[in-house]
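Just below is one structure, and these are the notes that go with it.
The values are calculated or read from the model by the stated rules, or taken from the named source; none is laboratory data. Keep in mind that this is a model prediction, so the values were computed, not measured. Reconstructed Cβ throughout: ideal geometry from the backbone, glycine too, with neighbour counts over all protein chains shown. The area values use the complete protein model at the heavy-atom level, side chains included, leaving out ligands, DNA and RNA. Shrake-Rupley method; radii C 1.70, N 1.55, O 1.52, S 1.80 Å.
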Amino acid sequence: MDGLTARDRSTFNAGIEAARQMALTAAVTLEVRDDARQVRQQAAVAALQGLAAGLHAAFIAPLAETGPMHRVMAAIAADPAGSGAVECLDCKGWLAWARDSSNGHLHAQCETEGCLKLMQ
Ligand SMILES: [Zn+2]
């Protein structure tokens, strides 16, 4: 039964990865269009990139990492906004974050000197 469970999980992960790759591919396709600067196109690109990040945060990353910092990053990834601030897990200060619109990477930095600073 363990073998089947592992295979089921593997199949599920592969499906999620496929959906994520489709979303990312669609975003890139929109970016190379001549009219890509139009606001609606940009919004569509952002939405697709957000979807891809959300899929990863919700279905893939948790299987490998379920620590509190990951949950913060997952919450950030699921936020449709491009930037914001959440409570820092270490010092309870503000952890400011921003999403790189060009590659979807998340950058986060705590307001406290020497505290959390990361990129995902
Ligand atoms: Zn902190």
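So here's what we get for this one:
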item: Computed helical MRE - 222 nm, the chain, DSSP H runs ≥ 4 contributing -39500 (n - 2.57), nearest 500; result: -17000 deg cm²/dmol
item: Listed residues GLU113, GLU87 arranged by accessible area, highest first, probe 1.4 Å; result: GLU113, GLU87
item: Net dipole in debye of the chain [+1 Lys, Arg Cβ; -1 Asp, Glu Cβ; about Cα centre; nearest 20]; result: 220 debye
item: Long-range amide H partners of LEU116 with built H, under 5 Å; result: CYS110
item: Accessible surface, per residue, of the chain when the full set of protein chains is kept, probe 1.4 Å, Å²; result: 66 Å²
item: Per-residue ³J(HN,Hα) for the range 9-18, Karplus 6.51 cos²θ - 1.76 cosθ + 1.60, θ = phi - 60°, Hz, x for Gly and Pro; result: 5, 5, 5, 4, 4, 5, x, 5, 4, 5
item: Of all accessible heavy-atom area on the chain, the percent that carbon and sulfur account for (1.4 Å); result: 58 percent
item: Net charge contributed by nearby residues that have their C-beta within less than 11 Å of GLY82 (K/R +1, D/E -1); result: -1
item: Compactness of the chain as Cα Rg over 2.2 N^0.38 Å, two decimals; result: 1.22
item: In sequence order, calculated HN-Hα J values of the range 99-104 (Karplus, 6.51, -1.76, 1.60; Hz; x Gly/Pro); result: 9, 6, 5, 7, 10, x
